[in-house]
Amino acid sequence: MRNFTYCVPTEIVFGKDTEVSCGREVKKHGGTKALIVYGGGSARRSGLLERIEKSLEEEGIAYAEFGGVKPNPGLAFAEEGVEKGIREKVDFILGVGGGSAIDTAKAIAHGVANPGIPLWDIWMKKVPLTRTTKVGVVLTIPAAGSETSDSAVLTNEVIGKKSGLGTELNRPAFAIMNPELTFTLPKYQIGCGIADIMMHTLERYFIPDQENRMTDEIAEGLLRTVIDSGRKALQNPADYDAMSELMWCGSLSHNNLTGLGRAKDFSVHKLGHALSARFDCVHGATLTAVWGSWAEYVWTNDVNRFVHYAKQVWGIEGSGEETAREGIEKTVSYFKSIGMPVSLGELGIGIQDEKTLEELAMDATMNDTVRLSVLRPLDASDVLEIFR
Ligand code: NZQ
Ligand code: ZN
């Protein structure tokens, strides 16, 4: 086990009707005026925003609103939010929705605390981030894990780059998680969420440092839970227990718990971000579209790890190459069974020309300057092969 530091300060408020405690939570964490950041309208239509507004009013918390965040949120929109936050003199940012609304809330929080500094300079770490504004979250989709993660992802539309910012200052002060809020999700979004949750653990799992049993057991238990609860949630999106499991797994999968004591990979995410930046595809779907090809490309570098995965997560008996491959096949079949694409063609972007694939490979590897994957370092030519 490698050395590690683990600190997840986000207060979790989990369960039915918990959104009514929103005002109390903002007050407890020192907020007096909040900017409510939300998406394209699902939170308004469901009545959630109204309940949140009421709860803030009951605690005497003033608020302004900033709605309209789109999936794969953009830098320009976040900058508008920063302007509004400064103009309204808010001291708290409340993200309501999924990864897109929450990441925009995190970006706005950094911008409001650092007026005059271009947000992208913060994102690219050209300017060190030393302070931010407090963020609270009301989660409506189990997926990205942004509600407790140290990361936030934005797309710079001008240069066509989707990029994450990792910093402890990205951890929200609190996360309200009521599984009932997810009942209105379309099945496709549930599938994308399941895929993203699995991937946040898989990207931490296929790493050579294997003497790490507790972390392995947590990761494998989480994957089995997501696989099983995911099936149930898709059968009945109003299954409270299944959605509860998914929601909790979503947070645990991406707050670093499932990878403690070993390196991280996130190479499949780099490929996914290149696809989303260019084609605006849904995040979870980009991951399943390439994971099988990635696994096929790297598995021979650590057959035993893939065998261990096949046994522990999919209950496959056996050893050797056949078992390793069976584990990969089971994973890809599961993605199909939950309605996710497992190739670029199925992702619906219809790439045919080699030039586009080459550009995507360059995007994913920062112009061939970084090597992806710990099991088998991948340069742009390897990534091109995976995309092909
Ligand atoms: O915008 P609204 O109208 O709210 O609709 C959203 C959106 O269309 C809808 N939705 C959310 N909750 C709903 C609902 N519809 C009905 N009922 C509900 N209860 O779902 C759609 C997707 O929402 P979005 O926030 O984009 O989903 P997700 O949570 O998957 O977030 C994806 C974003 O997070 C980033 C991704 O790259 C992507 O930009 N990620 C963030 C991470 C982080 N901060 O740690 C890590 C991840 O790896 C990921 O990269
Ligand atoms: Zn992800």
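Scanning the stretch 171-207 for residues that are within 7 Å of ligand 1 (Cβ to nearest atom) and of a type outside the set (Asp, Glu) gives Leu181, Thr182, Thr184, Leu185, Pro186, Gln189, Cys192, Gly193, His200. Checking Glu217 against (1) within 21 Å of the chain's Cα centre (by Cα); (2) outside any loop (DSSP other than H, G, I, E, B), which single condition isn't satisfied? Only one criterion is unmet by Glu217, namely (1).
For the stretch 168-197, residues that are in a helix (DSSP H, G or I) and β-branched (Val, Ile, Thr) total 4.
Can Phe92 be described as more than 16 Å from ligand 2 (Cβ to nearest atom), modelled with pLDDT of 95 or more and either touching a Leu at 6+ places or on another chain (Cβ under 6 Å) or over 21 Å from Met177 (Cα atoms) (or both)? In short, no.
Results for (1) touching a Lys or Arg at 6+ places or on another chain (Cβ under 7 Å); (2) more than 13 Å from Ser267 (Cα to Cα); (3) of a type outside the set (Lys, Arg); (4) at pLDDT 95 or above, shown as yes or no for each residue.
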{"residue": "Gly284", "(1), (2), (3), (4)": "no, yes, yes, yes"}
{"residue": "Glu296", "(1), (2), (3), (4)": "no, yes, yes, yes"}
{"residue": "Glu346", "(1), (2), (3), (4)": "no, yes, yes, yes"}
{"residue": "Leu378", "(1), (2), (3), (4)": "yes, no, yes, yes"}
{"residue": "Val383", "(1), (2), (3), (4)": "no, no, yes, yes"}
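Scanning the stretch 348-376 for residues that are on the phi > 0 side of the Ramachandran plot and either surrounded by fewer than 16 Cβ atoms within 10 Å (Cβ to Cβ) or at pLDDT 95 or above (or both) gives Gly348, Gly350, Met366, Asn367, Asp368. Of the residues making up the stretch 267-293, those that are near ligand 1 (Cβ under 8 Å from one of its atoms) and more than 21 Å from Lys187 (Cβ to Cβ) are His269, His273. If only residues of the stretch 137-173 that are of a type in the set (D, E, K, R) and in contact with a helix residue (DSSP H, G or I) (Cβ under 8 Å, 6 or more places away or on another chain) are counted, the one that is nearest to ligand 2 (Cβ to nearest atom) is Lys162.
Inside the stretch 41-68, residues that are within 15 Å of Val138 (Cα to Cα), small (Gly, Ala, Ser) and without any contact (Cβ under 8 Å) to a residue 40 or more places away in the chain make up a count of 4.
When you look at Thr184, is it modelled with pLDDT of 95 or more, of a type in the set (Val, Ile, Thr) and under 15 Å from the mean Cα position of the chain (by Cα), yes or no?
The answer is no for Thr184.
Has the stretch 150-163 got at least one residue that is crowded, with 19+ Cβ neighbours inside 10 Å, within 8 Å of ligand 1 (Cβ to nearest atom) and at positive phi? No, the stretch 150-163 has no match at all.
The residue that is nearest to ligand 1 (Cβ to nearest atom), counting only those in the stretch 10-49 that are more than 22 Å from Tyr240 (Cα to Cα) and among the hydroxyl-bearing types (Ser, Thr, Tyr), is Tyr38.
From the list Trp248, Trp291, which one is within 14 Å of the chain's Cα centre (by Cα), aromatic (Phe, Trp, Tyr) and within 30 Å of Tyr6 (Cα to Cα)? Quick ask: steps written out before the conclusion?
Values: Trp291 fails: within 14 Å of the chain's Cα centre (by Cα).
Unique residue meeting the criteria: Trp248.
One residue alone among Gly31, Gly60, Gly68, Gly23 is over 19 Å from Gly111 (Cβ atoms), among the small types (Gly, Ala, Ser), at pLDDT 95 or above and not in a helix (DSSP H, G or I), and that residue is Gly60.
Among the listed residues Ile197, Ile207, identify the single one that is touching a Gly at 6+ places or on another chain (Cβ under 6 Å) and on the phi < 0 side of the Ramachandran plot. Steps first, please.
Values: Ile207 fails: touching a Gly at 6+ places or on another chain (Cβ under 6 Å).
Matching residue, one of Ile197, Ile207: Ile197.
Identify, please: which residue in the stretch 174-188 is surrounded by fewer than 21 Cβ atoms within 10 Å (Cβ to Cβ), in contact (Cβ under 8 Å) with a residue 24 or more places away in the chain and of a type outside the set (Phe, Trp, Tyr) and is, among those, nearest to ligand 2 (Cβ to nearest atom)?
Filtering the stretch 174-188 down to residues surrounded by fewer than 21 Cβ atoms within 10 Å (Cβ to Cβ) leaves 180, 183-184, 186-188.
Filter again for in contact (Cβ under 8 Å) with a residue 24 or more places away in the chain, leaving 180, 183-184, 187-188.
The next check asks that each one be of a type outside the set (Phe, Trp, Tyr); those that pass are 180, 184, 187.
Values: Glu180: 24, Thr184: 22, Lys187: 19 Å.
For the stretch 174-188, the residue satisfying everything is Lys187.
The C-beta contact set for the stretch 244-263 (first residue in a helix (DSSP H, G or I), second residue acidic (Asp, Glu), distance under 6 angstrom, 6+ apart or interchain) comprises Ser251/Glu147. Met340 fulfils the conditions (1) assigned to a loop (DSSP other than H, G, I, E, B); (2) crowded, with 18+ Cβ neighbours inside 10 Å; (3) away from ligand 2 (no atom under 16 Å from the Cβ); (4) not aromatic (Phe, Trp, Tyr) except for a single criterion, (3).
The values are calculated or read from the model by the stated rules, or taken from the named source; none is laboratory data. Being a predicted model, the structure only gives us computed values, none of them experimental. Cβ atoms come from the backbone with ideal geometry, glycine included; neighbour counts cover every protein chain shown.
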